Each structure stands twice: as structure tokens, then as C-alpha cells.
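One structure is given below, encoded as C-alpha cells.
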Amino acid sequence: MKKKILSVLLATTMIFGLVACGSGKDGSGDTSAKGGDDGLIKVGIINNDPNESGYRTANDKDMKNTFTKENGYDASFAYSLKNDEQITAAQKFIQDGVDYLLLSAADTSGWDSVLKDAQDAGTQVILFDRTIDADESLYVASIVSDMNKEGETACEWLKNQNLAEYNIIHIQGVMGSAAQKGRSGALTDTADKEGWNIVTEQTAEWNAEKAQQIVQSVIDSGEKFNVIYAENDDMAKGAVAALDKANISHGVGKDVVVMGFDCNQWALTELLNQNWNYDGQCNPFQASYIADVIEKLEKGEKISEKTIIMDEKGFDATTIKQADVDQYGI
């Protein structure tokens, strides 16, 4: 770990609406100068809004439970769904002299400059949850889901349903995010190859209410559809709310096939009750993997795998069991 040096105190609140909070029991924000707690590894964690989805809530909780003072860390957190705000937070963490910058990027592009600054400052960068478009030399490890594979697995499942026709409402997540690009790209490629009809393709930015509005708009237009491909569970939930309001049946053997991602426990229960048809897993528990990487780096060991892919699967309403809900639900 690089030499501890004192730096000026940062402002008590992050600019541009970023939320920063320390790892103390009171959850209060603390971006104080490096070296305040002898022997602690100083980390700056940049994440998406924990209220974005059940997945993100679980992901943030996992980070906070792992990177504590009791476990040897002095952790500060910053949250935003906007790339420019995340980059501002990263610059502040680097200025503050963090040992490690942990990053779940809102967008895959635009990170080269700030990561070069981190490298020059001796701050080691570890990506989690999402990949970025940057040279691998700019970060020491990437603990991520294979978003492309998640989408491909879902589309292969949908293809195997052998529907008489495919008229799909495609509800996208935040545009430019790794999850959106991977899950959208798979559907676009498969639809082109199979001749599926994409009725509409709009972003609901992971939000249930926006997803409900999108589906309601299609219902009001009178255009026929029989598949909803929502890129997270919350948006699938919003889509189903629109179907229920219009008395349109959904789930196994019903009028509309409902697909989601993330495997929230309540979403898997919808599969178990056959109200939904498919849910793709996205594993939110990366903190222990990151801690293992940091431990190795602190011992001077080399990281054998630059990219660590989380093990994930998809669930079908006709085969899911309660044990799956209990084990994989977040």
C-alpha cells in the first residue's frame, strides 16, 4: 500500500448532488484526509443509486458490510446514475489519496483520463458489476457479470418457446450502461436473425413507473404484442402493472410472456407462481471477490485473472423450485 500522506479536507458533501457516506456505524459522510485511521486501507467506492433497483440495493449493502473499519477499511461511498458526476467523485477520491478506487460505472465510456490520473497518483482501480471501454492497463481487476451472456441466455430461452409469432415490447435500462448494452444487443441480434418484430424499444431507466407508461402506451395504440423483454425486474413489474390494469393475462400459458433480469426474491416468486415466465440472474455480491483481490495486492501478489466473471443462470417458470427462490433470490 502506498505511503500514507495528509491531504486537505474535502467538502462535507459531494458536489453535483452526489451522496457520500462513510463506513462508520452511523453511516455519516466522511471524505477526510488519508491517514486518519492508522493501518486502515482507504477505499473510495463509486456506485449507482442504491434505490435504482433491488439488485443495486443488495449490491450496495454487500459493499457496506464488507468494507468496514472492523475489516480493516476506511471506506467512502459516492452514488450517481450519471457518468460525469461519477467522474467528479473519482477525481475527488484520487485527490483524497485513496489506496483503491472501486468503480461501478454508469456508462462504459469516458473513463480513460481519470483512470490515468489514478494510476499516476498510485491509486489502484478495481471495477465491479460493470465493464468499461478502457485499456486493461488502467485497472488491476474487473469483477463483473457477463451482460452479453445474460442477454444471449435469455434470448435463447425465448427462441426455444417456439411461439407462433414474436411481437416484443423491449424495455431498456439506462442507455450506455453495460447491462443495457449487453441485454439489448443480444435481443437486437436475435430479433434480426429470427425475424422477430420489436413493437417498441424504449428506455425506462430501470424504473417501474416509466416501464408501466411504455406498456400502457402500446396498449392504448392497439398494436398487438405477446412478449415483454424488460432489462430488470422492476421494469418487468411496471410492465405487468399495465397488463393487469388492462386485464391482459400474462405468465405460463397466458397471452403475454414476461421476462426480467436480476432475480429479486419477489420476482422469482412471480415465476414460481407462473405469473412471469423467465428471470435472468445478475449476481450482486462482488464485495468478497474485491476484498480477495485487495488482500493479494497488499501482500504483493499478482492477480492471475484480470477479469473475473460471476457465475449466473436463467430461471424458467415451469421448472423453478422454492429452493431456487431461497438460494438465488436477492
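Quick note: the coordinates plus some simple rules give every number you see, no bench work behind them. Since we're looking at a predicted model, the values are computed, not measured. Neighbour counts are summed over all protein chains in view; Cβ atoms, including those assigned to glycine, are modelled from backbone coordinates with ideal geometry.
Computed values, structure above
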{"read-out": "Protection-proxy order for peptides 44-54, 183-193, 255-265, 310-320, each taking the mean of Cβ atoms within 10 Å per residue, highest first", "value": "255-265, 44-54, 183-193, 310-320"}
{"read-out": "Efficiency of FRET from Cβ geometry, Q161 and T68, R₀ 45 Å, rounded to 0.05", "value": "0.50"}
{"read-out": "Per DSSP, loop trypsin sites (Lys or Arg not before Pro) in segment 202-242 with at most 12 further Cβ within 10 Å", "value": "K224"}
{"read-out": "Segment 138-148 - phi-based ³J(HN,Hα) in whole Hz, Karplus 6.51/-1.76/1.60, Gly and Pro as x", "value": "8, 9, 8, 6, 9, 9, 9, 8, 8, 5, 4"}
{"read-out": "Within segment 174-232, GluC sites (Glu not before Pro) in DSSP loop having at most 14 other beta-carbon neighbours inside 10 Å", "value": "E223"}
{"read-out": "Stokes-Einstein D in µm²/s, Kirkwood radius over Cα pairs - segment 85-161 at 25 °C with 0.890 mPa s viscosity", "value": "181 µm²/s"}
{"read-out": "Estimated distance in nm for a label pair at Q91 and D192, the labels positioned 7 Å out from Cα along Cα-to-Cβ", "value": "3.7 nm"}
{"read-out": "Added length on full extension, which subtracts the Cα-Cα distance from 0.36 nm per residue, I219 to S113", "value": "33.6 nm"}
{"read-out": "Segment 105-150: radius of gyration over Cα atoms, expressed as a fraction of 2.2 N^0.38 Å", "value": "1.15"}
{"read-out": "Per-pair calculated FRET efficiency, R0 = 25 Å: S249 and E201 via Cβ, rounded to 0.05", "value": "0.60"}
{"read-out": "Distance histogram for the chain (every C-alpha pair counted, 10 angstrom bins, percent rounded to whole numbers)", "value": "6, 26, 31, 20, 13, 4, 0"}
{"read-out": "Mean projected area in nm² (Cα convex hull; one quarter of hull surface) for segment 198-330", "value": "9.8 nm²"}
{"read-out": "Lys, Arg +1 and Asp, Glu -1 on Cβ, resulting dipole of the chain about Cα centre, debye, nearest 20", "value": "520 debye"}
{"read-out": "For segment 70-215, with +1 on Lys and Arg beta carbons and -1 on Asp and Glu, the positive-most of V144, T203, S76 along the dipole", "value": "T203"}
{"read-out": "Residue-wise HN-Hα coupling along segment 186-200, computed from phi with Karplus coefficients 6.51, -1.76, 1.60 (Hz; x: Gly, Pro)", "value": "5, 5, 4, 5, 5, 4, 4, 5, 8, x, 6, 9, 8, 5, 8"}
{"read-out": "Beta bridges by DSSP in the chain, antiparallel share as percent, to the nearest 5", "value": "15 percent"}
